[in-house]
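Reviewing the structure listed below.
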Amino acid sequence: MRFMLIVRSQPEFEAETSPDPDPAVFEAMARFHEELARAGVLLDAAGLHPSRKGWRVVHGAGAPRIVDGPFAEAKELIAGYTLIQARSRDEALEWSRRFPNPASAGREAVVEVRQLIDLDEFTPGDTVESFRRLLQP
């Protein structure tokens, strides 16, 4: 089972002029991710640049529209993620409890956890098999 631990953004993350985080937070994140790697559950992890460097593709009637950042609601944005492979929801829950505070100790921050949909959850068919072939290393 794969789970994504999503670090919600904050106004100060969006205002940053450098990708360098607080050194104490960076150290805590490094130690946590090293522990995930040693346990064999880490699949990927990265921080994201502020939304002012990004864009959204908005679908609706007609052709998709491109909307450049920045985006107003920092609490609705993602600042980074960690992707893990766990044996169960409970194991993923335990790892998420240990996720360091991305805003630094004592400050409010949100890390949302979502399970990824596995191709085996879909009704078998040609399209599923096509995706499976695309995703093979």
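Checking ALA92 against (1) in contact with a strand residue (DSSP E or B) (Cβ under 6 Å, 6 or more places away or on another chain); (2) over 26 Å from PRO137 (Cβ atoms); (3) assigned to a helix (DSSP H, G or I), which single condition isn't satisfied?
So ALA92 meets the others, but not (2).
What number of residues within region 68-84 are of a type outside the set (A, V, I, L, M, F, W, C), assigned to a loop (DSSP other than H, G, I, E, B) and loosely packed, with under 15 Cβ neighbours inside 10 Å?
Adding up the residues that qualify gives 2.
Scan region 95-125 residue by residue and report those that are more than 12 Å from the chain's Cα centre (by Cα) and within 21 Å of GLN136 (Cβ to Cβ).
Scanning region 95-125 gives ILE117, ASP118, LEU119, ASP120, GLU121, PHE122, THR123, PRO124, GLY125.
Would you tally the residues in region 109-123 being out of contact with any helix residue (DSSP H, G or I) (no Cβ under 8 Å at 6 or more places or on another chain) and either at pLDDT 95 or above or not acidic (Asp, Glu) (or both)?
Residues that pass the stated criteria total 6.
Filter region 39-67 for residues that are closer than 26 Å to GLN115 by Cα and assigned to a loop (DSSP other than H, G, I, E, B) and give the result.
GLY40, VAL41, LEU48, HIS49, PRO50, GLY54, HIS59 - these are the residues of region 39-67 that are closer than 26 Å to GLN115 by Cα and assigned to a loop (DSSP other than H, G, I, E, B).
Looking at (1) more than 14 Å from the chain's Cα centre (by Cα); (2) part of a loop (DSSP other than H, G, I, E, B), can you tell me which one LEU36 breaks?
(2)
Name the pairs whose Cβ atoms lie under 6 Å apart, with the first residue in region 19-42 and surrounded by 13 or more Cβ atoms within 10 Å (Cβ to Cβ), the second in a helix (DSSP H, G or I), and 6 or more positions between them or separate chains?
Within 6 Å, the pairs are LEU42/LEU36.
Take the residues of region 49-67 that are basic (Lys, Arg) and either in contact (Cβ under 8 Å) with a residue 12 or more places away in the chain or over 26 Å from SER9 (Cα atoms) (or both): which is surrounded by the fewest Cβ atoms within 10 Å (Cβ to Cβ)?
My answer is LYS53.
Does any residue of region 105-112 turn out to be within 23 Å of GLY40 (Cβ to Cβ), hydrophobic (A, V, I, L, M, F, W, C) and part of a helix (DSSP H, G or I)?
Within region 105-112, not a single residue is within 23 Å of GLY40 (Cβ to Cβ), hydrophobic (A, V, I, L, M, F, W, C) and part of a helix (DSSP H, G or I).
The values are calculated or read from the model by the stated rules, or taken from the named source; none is laboratory data. As the structure is a computational prediction, the values presented were derived from the model and not from experiment. Note that we place each Cβ from the backbone using ideal geometry, even for glycine, and neighbour counts take in every protein chain shown.
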